[in-house]
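As structure tokens, the structure follows; a few thoughts come after it.
Each value in this text was obtained by applying a stated rule to the coordinates, not by laboratory testing. All figures in this text were calculated on a predicted structure; none of them were measured in a lab. Here the Cβ is made from the backbone with ideal geometry for all residues, glycine too, and neighbour counts use every protein chain on show.
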Amino acid sequence: MTLLVIGSTGTLGRQVVRNALNEGFQVKCLVRSFRKGAFLKEWGAELIYGDLSIVESIPLSLYGVSAIIDCSTSRANDLYNIELIELKSKYILIESAIRAGIKRYIFFSIFNSFNYKDIPLITLKIMIEYRLKISGLNYTIFHLPGFFQGLIPQYALPILDKQFIWITSESSSISYINTQDVAKMTIHSLSIDQFNQSTLPLVGNKPWKSLNIINLCEQISGRRAIINTIPVYLLNFLKNFTKFFQWTLNISERLAFIEMLSRGYNTNAQMKEILYILHMHEKDLEQLEVYLQEYFERIMKKLKELNYQTLSNEKNINPIEF
Ligand SMILES: NC(=O)c1ccc[n+]([C@@H]2O[C@H](COP(=O)([O-])OP(=O)(O)OC[C@H]3O[C@@H](n4cnc5c(N)ncnc54)[C@H](OP(=O)(O)O)[C@@H]3O)[C@@H](O)[C@H]2O)c1
């Protein structure tokens, strides 16, 4: 089976490519920059030029492909193009997939998306989900919560950097998941017919509130977090205010997401059945504690090395002093 991975340079996409290659699949990656995708070629994938905002480039990329895994999503600096990237290009991708007789089509959406129809990105995702459901394709839609990887810039780095961490006064529980686990289950699902024409959640095995994650980071790193709490009503005000101006739409989108997290984005879905079908067990999914422990250990080691190097360099520069 030859896979086309779209969004292969992204957080999830690169793990999907890695896992697919490990499992012996032929992998084509649609990239808009060969330089940025060079590491995928080194891993053994084939690079194909394509840009979702240049819709003409989409149909040709499907040549010789039997399954599509769409991990793409608009980048923060592309939000003016959000409708083109998240809707129009994906409609064309689905039309092209039908014509090309694609055997499997995997799409990633947001967990509990139907509860958040007022957020533009989520509305577009829901429209694509609907289009896939009536397409006749063998689709699988995975509903995802947040990724472990997203917690590093959100909590771990500000703690290391002594920067403020902004949280809302009401924080809901989210069952974050490692993208490596999502990739593993996605690739595994390609060979299982029960996943055809279905919409399923893929979530981690424990729900986390912001404060619990911050406490965990503090415990592991031995450093204190500087927390700033913002009331939800203020967040709402800012979101509605920034929506009025084209140049602040980007901020408005981000605030809408933060607000979504603060009003009951609970991801306590039962993964048991899915894991059972995949012949996996809950303990096969990585725990956040382990992920963060490894992250902080790596960073602390790097910091020690840098410190040591700086001291050695200073020794060389100023031999009299040492
Ligand atoms: N991140 C989360 O916490 C989260 C939560 C729930 C669901 N999801 C879903 O999971 C999927 C993967 O998310 P992610 O966080 O891994 O995304 P990401 O890291 O932001 O990566 C986005 C990918 O899409 C590509 N892309 C963007 N615009 C493109 C265009 N015009 N043409 C071609 N490629 C384009 C990017 O390519 P470049 O490198 O060239 O920019 C990149 O490879 C998405 O469907 C997302 O909605 C994510």
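The label point for Asn212 and the one for Glu282, both projected 7 Å from the Cα toward the Cβ, are 1.2 nm apart.
Shown for the stretch 110-241 is the translational diffusion coefficient from the Stokes-Einstein equation, using the Kirkwood radius over Cα pairs, a temperature of 10 °C and a viscosity of 1.306 mPa s: 92 µm²/s.
Distance between the C-alpha centres of the stretch 117-138 and the stretch 1-71: 22 Å, rounded to the whole angstrom.
Extending 7 Å from Cα along the Cβ direction at Ala38 and again at Asn228 yields two label points whose distance is 3.8 nm. Summing charges over neighbours of Val65, with a neighbour being any other residue whose Cβ is under 13 Å away from its Cβ, gives +2 when K and R count +1 and D and E count -1. Work through the residues other than Asp193 whose Cβ is under 14 Å from its Cβ and net out their charges, Lys, Arg +1 and Asp, Glu -1. Local net charge: +2.
Over the C-alpha atoms of the stretch 2-304, the Rg to Rh ratio, Rh being the Kirkwood estimate, stands at 0.96.
When +1 charges are put on Lys and Arg Cβ atoms and -1 charges on Asp and Glu Cβ atoms, the dipole computed for the stretch 2-304 relative to its Cα centre reaches about 460 debye. Projecting the Cα atoms of Gln194, Thr179, Ile165 onto the dipole axis of the stretch 2-304, where Lys and Arg carry +1 and Asp and Glu carry -1 at the beta carbon, places Ile165 farthest toward the positive end.
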